[in-house]
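Worksheet: the structure to be examined is printed underneath.
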Amino acid sequence: MKAGVVVFPGSNCDHDVYHVLKHVLGQETSFLWHQDDDLQGSDLVVLPGGFAYGDYLRAGALAALSPVMGAVRRHAEAGGLVLGICNGFQVLLEAGLLPGAMRRNQNLRFLCRDVYLKTERNDLPFTWKLPAGKVMRIPIAHGEGNYEDSPERLDALEANGQVVFRYVTPEGARADDDPQWNPNGAARGIAGICNPGGNVLGMMPHPERCSEPILGNTDGLALLASAVEAGSRVLLETAR
Amino acid sequence: MTVLQEPLVSAETARSIGLNREEFERLKKILGREPNWTELGITSALWSEHCSYKSSKIYLREFPTEGPHVVQGPGENAGVVDIGYGWVAVFKMESHNHPSFIEPYQGSMTGVGGILRDIFTMGARPIACMDALRFGEIDAPRMRSLIDGVVRGVGDYGNCMGIPTVGGETGFHRCYNGNILVNAFALGIARHDEVFHARASGAGNPLLYVGSRTGRDGIHGATMASESFDAESEQKRPTVQVGDPFTEKILLEACLEAMRTGAIVAIQDMGAAGLTSSTFEMAGRGGTGLRLDLDHVPLRQPGLTPYEMMLSESQERMVLVAKKGREEELEQVFRRWGLEVAKIGEVTDTGHAVLLWHGGTAADIPIRPLTEEAPVYRRPVAEPSDLAERWRAPEVPQPADPRQALERLLATPEFASKAWITTQYDHTVRTNTVQGPGGDAAVLLLKGTPAGLAMTCDVNPVYCYFDPRRGGAQAVAEAMRNLACVGAEPVGLTDCLNFGNPERPEVSWQFREAIRGISEACRAFGVPVISGNVSFYNETEGASIYPTPAVAMVGVIPDLAGVPEASFRNAGDRIVLLGEDRSEFGGSAYLRLLHDLEQGRPPAVDLDAELRLARLLRSLVARGLLSTAHDLSEGGFLISLAEACFSRLLGARVEVPLAGADLFSESQGRAIVACAAAALGPVLRAAEEAGVPAREIGEVGGDVLEVRSAGETFRAPVAGLHEIWSTALPKALGL
């Protein structure tokens with residue numbers, strides 16, 4: 001299994017997710033340059049957080065047009081794993097690989113703090129190792145995480161089982177209208193969604209920032225470990 | 001295309017851009033002729049207080065700057081200390097006060113941008129920022145928008161760069177109503193053998209210009225920062241630079257990559273006084289000369305004069321000296337990152353800077369007389385005539401109800417939770433943050449080692465106003481205490497010395513005394529000053545700010561296992577008060593915030609006692625005995641005790657021999673610690689051996705803070721105190 005972390009100009013969580021994949025999970029991992037239309041054989045592609053192209057125009061809008069995104073799109077269409085974290089999620093939305101759009105946080109301010117997430121799909125390559133029913137504590141750090149789409153499309157998203165994570169209370173209860181728990185005002189408390197095939201996941205919170213005991217929180221590690229092991233399993237199946 | 005008409009050179013026009021008559025004469029003597037307008041502008045910038053340190057130099061020499069860990073002391077873009085495992089830490093703090101008051105968002109953005117360039121110019125990857133902010137009273141004119149703009153600016157720059165803002169401090173005082181302070185600290189790490197310098201050498205080596213193009217923004221920013229404010233200051237908005245963190249992020253990555261090629265001799269960012277200071281300082285340090293081909297400077301719009309090019313403070317630009325013949329390699333790296341590179345000249349051995357433009361010579365000046373040999377002043381110094389009156393011991397009213405006094409203090413912006421600010425800063429990116437904002441010191445992981453880095457910044461301006469020497473020493477002592485609370489041994493200190501107009505004898509006295517205090521404490525603690533910054537002329541309409549010598553101290557924690565928090569963690573833990581309690585209220589928060597009284601000499605600073613306390617705390621942490629350690633500082637015992645309850649809403653029951661107002665006394669050299677019951681004996685024994693007064697005062701638990709003192713008891717539910725504390729700042733800001 002090979003993991004690739006895309007580096008756009010302005011990506012700034014690229015080293016963080018590389019560190020967890022390579023040094024914490026021991027996976028072969030490489031950086032993928034935005035100008036290259038080549039994923040170097042990566043089974044798992046991560047679009048990291050940051051401010052690609054300074055978030056100028058709109059978050060993710062310019063990065064979505066990078067040469068590497070053509071390769072990411074083909075990888076996704078072939079069923080390959082793609083994980084977009086924070087700015088990476090915004091890029092996936094702008095590239096049309098996931099539905100919906102981001103607005104600025106409801107209070108119009110950048111927010112960096114812990115939030116609580118409930119996982120609605122434990123059967124995905126990205127979530128199968130997450131303990132069912134467990135509420136994850138996980139950091140966010142973004143200015144534009146207020147997910148939005150039309151009511152009909154949101155209904156469809158829910159009906160298709162594409163809502164993967166929602167912001168909840170520490171006890172796991174929905175609190176969509178409470179900024180204490182739904183920090184950015186996202187529609188229906190949506191924090192992460194996947195494509196219909198379940199192989200492309202976008203999420204605002206940062207699992208790589210809570211994957212080591214010394215940082216006081218390891219709730220994110222199971223998510224990245226899920227993706228890594230799922231990548232390996234796909235490989236095994238393909239080999240067979 | 002517009003070419004501005006340049007004024008004629010005269011003593012009067014020199015004055016108008018900041019050079020006084022003696023300086024103008026001195027320049028004429030150096031040149032042996034009348035300078036032209038470009039030469040005058042260059043000299044004005046280099047001899048500005050901001051660039052030359054002409055009023056502060058004689059005092060700055062008093063700082064201890066050497067020590068076993070010091071790799072590079074003051075004089076470079078930033079200081080460098082050894083932190084073990086083959087790593088060095090590169091850090092510095094700098095002010096951006098004047099621009100931030102004129103235009104808070106861009107001013108604070110470019111403050112952060114400037115300090116970060118100082119760090120990566122040295123070859124280090126920045127891994128942490130802190131910000132020390134001083135605002136006026138929240139109801140003062142423009143103050144809410146200044147606070148909002150500064151916080152957004154600090155946040156937007158660091159957040160986009162992906163460098164966590166892990167700590168800092170925010171204070172409020174009426175002395176800043178007309179002159180806020182924005183001090184930015186940054187720290188980077190590099191391998192020991194990867195440190196770069198800014199000394200131009202090797203005649204024939206090309207000068208490369210990298211980054212943003214040069215425009216007309218920020219012209220004479222350095223001179224503006226060396227003047228006081230008046231009613232006209234609003235017109236100085238065009239001297240404020242405009243920041244672009246995205247370009248800086250690219251510049252950071254490209255520079256670090258370019259440095260690894262081995263093709264760079266020296267590198268310096270274009271900060272204050274832009275192209276002038278970067279090139280002249282590099283050549284001045286290297287004892288070389290340079291030739292600049294101004295026709296090759298990348299311009300944002302055509303028509304800039306040599307004067308404008310040399311004095312523009314357009315942001316996100318660097319100059320580097322390449323090894324001759326290896327320009328191509330460097331250009332490739334920068335182009336891959338989408339950055340513009342231009343060869344704008346070369347190093348010479350003439351000792352002169354020769355500026356060529358449009359086929360002629362735009363300037364020809366000797367470098368060292370303008371840089372290394374710039375004017376140095378010993379300004380008149382005078383102790384304030386009313387010092388005895390200022391030091392008169394204040395009458396201290398007793399609180400009718402200590403609980404109510406505590407609640408009122410927690411509701412002030414001074415003591416309120418700063419989460420409204422710190423949640424706007426990314427403090428977890430780079431995945432090193434073990435303890436972020438809100439603790440005594442920020443704690444960062446040094447990846448690949450068991451060790452950690454700790455950092456804190458401190459100063460109490462009210463103490464410094466009443467006794468700058470004590471205030472200076474207190475800032476250093478508090479910083480060391482904060483580091484000790486997380487088990488860190490200090491390795492170095494940087495400072496940002498914010499003062500009023502040094503041409504006023506009282507301000508020069510404050511400056512001299514503060515430096516003495518800082519130096520005495522640093523010597524006693526064995527902490528070298530490795531970098532720093534002076535900001536004078538912080539006055540508006542003749543009113544100076546309180547002297548505000550902010551210090552930032554960095555320490556190493558040998559092993560992160562067992563580092564305590566500033567908060568109570570476990571019910572049943574025993575609470576121990578360390579240090580000696582006295583009744584000290586000079587310059588105290590209790591008198592200032594509850595009785596509107598600023599009076600008296602600040603608390604005594606016993607350097608030996610501070611050292612004993614710090615050593616004790618470090619050894620207790622190293623032995624893994626403590627779950628909580630929190631120092632006592634502004635607001636005294638009761639404030640610290642309440643703060644320790646907040647993070648987990650855990651209560652405590654204590655009995656102390658402090659009565660009434662003494663619960664808020666600000667005696668130095670104290671801390672509260674909490675440990676498991678089984679560790680209590682060893683903790684008390686260790687304190688006794690260390691010669692630190694210690695007594696068990698109670699136990700952690702429940703959800704009520706219960707304090708018994710002098711036969712009286714008060715109880716306050718922690719949730720209620722927390723509510724007051726956590727909502728006070730947004731409320732005060734009207735949000």
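The values are calculated or read from the model by the stated rules, or taken from the named source; none is laboratory data. Not measured: the values here are computed from a predicted model. Every residue, glycine among them, receives a Cβ derived from its backbone with ideal geometry; neighbour counts consider all protein chains shown.
What are the residues in segment B:423-438 that are in a strand (DSSP E or B) and either facing another protein chain (nearest Cβ under 7 Å) or in contact with a helix residue (DSSP H, G or I) (Cβ under 8 Å, 6 or more places away or on another chain) (or both), if any? Steps first, answer last, please.
First pass over segment B:423-438, keeping only residues in a strand (DSSP E or B): B:433-435.
Those that are in a strand (DSSP E or B) and either facing another protein chain (nearest Cβ under 7 Å) or in contact with a helix residue (DSSP H, G or I) (Cβ under 8 Å, 6 or more places away or on another chain) (or both): B:THR433, B:VAL434.
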Filtering segment B:137-166 down to residues that are away from every other protein chain (no Cβ under 13 Å) and surrounded by fewer than 18 Cβ atoms within 10 Å (Cβ to Cβ) yields B:GLU137, B:ILE138, B:ASP139, B:ALA140, B:PRO141, B:ARG142, B:ARG144, B:SER145
**Study point:** Residue in segment A:51-61 that is more than 17 Å from A:MET204 (Cα to Cα), buried (at least 24 other Cβ atoms within 10 Å of the Cβ) and away from chain B (no Cβ under 12 Å) present
**Key:** no
Picked from segment A:81-110 (must be surrounded by fewer than 21 Cβ atoms within 10 Å (Cβ to Cβ) and assigned to a strand (DSSP E or B)), the residue nearest to the other protein chains (Cβ to nearest Cβ) is A:ARG103
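Among the residues that make up segment B:508-515, is at least one of them of a type in the set (Gly, Ala, Ser), under 16 Å from B:ALA604 (Cα atoms) and assigned to a helix (DSSP H, G or I)? Spell out how you get there, then give the answer.
Just the residues of segment B:508-515 that are of a type in the set (Gly, Ala, Ser), to begin with: B:508, B:514.
Narrowing the set further to residues that are under 16 Å from B:ALA604 (Cα atoms) leaves B:514.
Adding the requirement that they be assigned to a helix (DSSP H, G or I) leaves B:514.
Yes, segment B:508-515 has at least one match.
So in segment B:712-725, with the set limited to residues that are part of a strand (DSSP E or B) and in contact with a strand residue (DSSP E or B) (Cβ under 7 Å, 6 or more places away or on another chain), which one is farthest from B:VAL654 (Cα to Cα)?
Pass one, segment B:712-725, residues part of a strand (DSSP E or B): B:712-717.
So of that shortlist, the ones also in contact with a strand residue (DSSP E or B) (Cβ under 7 Å, 6 or more places away or on another chain) come out as B:713-717.
Values: B:THR713: 10, B:PHE714: 10, B:ARG715: 11, B:ALA716: 12, B:PRO717: 14 Å.
Filtering first and then ranking leaves B:PRO717.
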_Condition (residue is modelled with pLDDT of 95 or more and more than 30 Å from the chain's Cα centre (by Cα)) applied to segment B:627-649: is it met by at least one residue?_
yes
Exactly one of B:ALA442, B:ALA473 is in contact (Cβ under 8 Å) with a residue 24 or more places away in the chain, more than 14 Å from chain A (Cβ to nearest Cβ) and within 25 Å of B:ARG618 (Cα to Cα), and that one is B:ALA473
Report task. For B:GLY448, state whether it is within 14 Å of another protein chain (Cβ to nearest Cβ), surrounded by fewer than 17 Cβ atoms within 10 Å (Cβ to Cβ) and out of contact with any Ser or Thr (no Cβ under 9 Å at 6 or more places or on another chain). Result -> yes
Quick count over segment A:201-214, residues being within 14 Å of chain B (Cβ to nearest Cβ) and over 19 Å from A:LEU111 (Cα atoms), is 4
**Report entry** Residue in segment B:8-18 that is among the polar types (S, T, N, Q) and in contact with a His (Cβ under 9 Å, 6 or more places away or on another chain) present
**Finding:** no
task: Say whether the condition of being over 30 Å from the mean Cα position of the chain (by Cα), surrounded by fewer than 23 Cβ atoms within 10 Å (Cβ to Cβ) and within 30 Å of B:LYS57 (Cβ to Cβ) is met by at least one residue in segment B:400-410.
output: no
Output yes when any residue across segment A:209-221 is in contact with a Cys (Cβ under 8 Å, 6 or more places away or on another chain), aliphatic (A, V, I, L, M) and surrounded by fewer than 22 Cβ atoms within 10 Å (Cβ to Cβ), and no when none is. yes
When restricted to B:ALA473, B:ALA454, B:ALA488, B:ALA479, the only residue out of contact with any strand residue (DSSP E or B) (no Cβ under 7 Å at 6 or more places or on another chain) and surrounded by 24 or more Cβ atoms within 10 Å (Cβ to Cβ) is B:ALA473
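Residues in segment B:150-174 that are polar (S, T, N, Q) and either in contact with a Lys or Arg (Cβ under 9 Å, 6 or more places away or on another chain) or part of a strand (DSSP E or B) (or both): how many?
Step one: filter segment B:150-174 for residues polar (S, T, N, Q), giving B:159, B:165, B:170.
So of that shortlist, the ones also either in contact with a Lys or Arg (Cβ under 9 Å, 6 or more places away or on another chain) or part of a strand (DSSP E or B) (or both) come out as B:165, B:170.
Residues that pass the stated criteria total 2.
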Please work out if A:GLU152 is surrounded by fewer than 16 Cβ atoms within 10 Å (Cβ to Cβ), modelled with pLDDT of 95 or more and of a type in the set (D, E, K, R).
yes
Log entry, pairs with first residue in segment B:323-334 being in the same structural domain as B:ILE267 (by TED's automatic domain parsing), second being in a helix (DSSP H, G or I) and of a type in the set (Ser, Thr, Tyr), beta carbons closer than 7 Å, six or more apart or on different chains, reads none
Of those in segment B:555-613 that are small (Gly, Ala, Ser) and not in a loop (DSSP other than H, G, I, E, B), the residue surrounded by the fewest Cβ atoms within 10 Å (Cβ to Cβ) is B:ALA609
Selection from segment B:36-61 of residues touching a strand residue (DSSP E or B) at 6+ places or on another chain (Cβ under 8 Å) and surrounded by fewer than 24 Cβ atoms within 10 Å (Cβ to Cβ) yields B:ASN36, B:GLU49, B:TYR53, B:LEU60
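Let's see how each residue does on (1) more than 14 Å from chain A (Cβ to nearest Cβ); (2) of a type in the set (Lys, Arg); (3) assigned to a loop (DSSP other than H, G, I, E, B):
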{"site": "B:ARG378", "(1), (2), (3)": "yes, yes, yes"}
{"site": "B:ALA388", "(1), (2), (3)": "yes, no, no"}
{"site": "B:PRO394", "(1), (2), (3)": "yes, no, yes"}
{"site": "B:LEU406", "(1), (2), (3)": "yes, no, no"}
{"site": "B:PRO413", "(1), (2), (3)": "yes, no, yes"}
{"site": "B:SER417", "(1), (2), (3)": "no, no, yes"}
{"site": "B:ILE421", "(1), (2), (3)": "no, no, no"}
Filter segment A:111-143 for residues that are under 14 Å from the mean Cα position of the chain (by Cα) and within 14 Å of chain B (Cβ to nearest Cβ); the one that is surrounded by the fewest Cβ atoms within 10 Å (Cβ to Cβ) is A:ILE138
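Just a yes or no: is a residue in segment B:276-284 in contact (Cβ under 8 Å) with a residue 24 or more places away in the chain and either within 14 Å of chain A (Cβ to nearest Cβ) or among the basic types (Lys, Arg) (or both)? Step through it out loud before you land on a result.
Start the filter on segment B:276-284 by keeping residues that are in contact (Cβ under 8 Å) with a residue 24 or more places away in the chain, which leaves B:276-284.
Among the residues that remain, those that are also either within 14 Å of chain A (Cβ to nearest Cβ) or among the basic types (Lys, Arg) (or both) are: none.
No; the residues of segment B:276-284 include none that is in contact (Cβ under 8 Å) with a residue 24 or more places away in the chain and either within 14 Å of chain A (Cβ to nearest Cβ) or among the basic types (Lys, Arg) (or both).
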Hey, does segment B:206-214 have a residue that's farther than 18 Å from B:GLY123 by Cα and either in a loop (DSSP other than H, G, I, E, B) or at pLDDT below 90 (or both)?
-> yes
Listed by range, helices (runs of 4 or more DSSP H) wholly within segment B:247-349 having at least 1 residues that are closer than 23 Å to B:GLY41 by Cα are B:274-286, B:306-311
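Within segment A:82-104, is even one residue among the charged types (D, E, K, R) and over 23 Å from A:VAL164 (Cβ atoms)? Let's see the steps before the verdict.
If we filter segment A:82-104 for residues that are among the charged types (D, E, K, R), which is where we start, we get A:94, A:103-104.
Right, trim to over 23 Å from A:VAL164 (Cβ atoms) and you get none.
Scanning segment A:82-104, I find no residue that is among the charged types (D, E, K, R) and over 23 Å from A:VAL164 (Cβ atoms), so the answer is no.
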*asked:* On the basis of being surrounded by fewer than 16 Cβ atoms within 10 Å (Cβ to Cβ) and either within 23 Å of B:PRO402 (Cβ to Cβ) or touching a residue at least 60 places away in the same chain (Cβ under 8 Å) (or both), does B:ALA686 make the cut?
replied: no
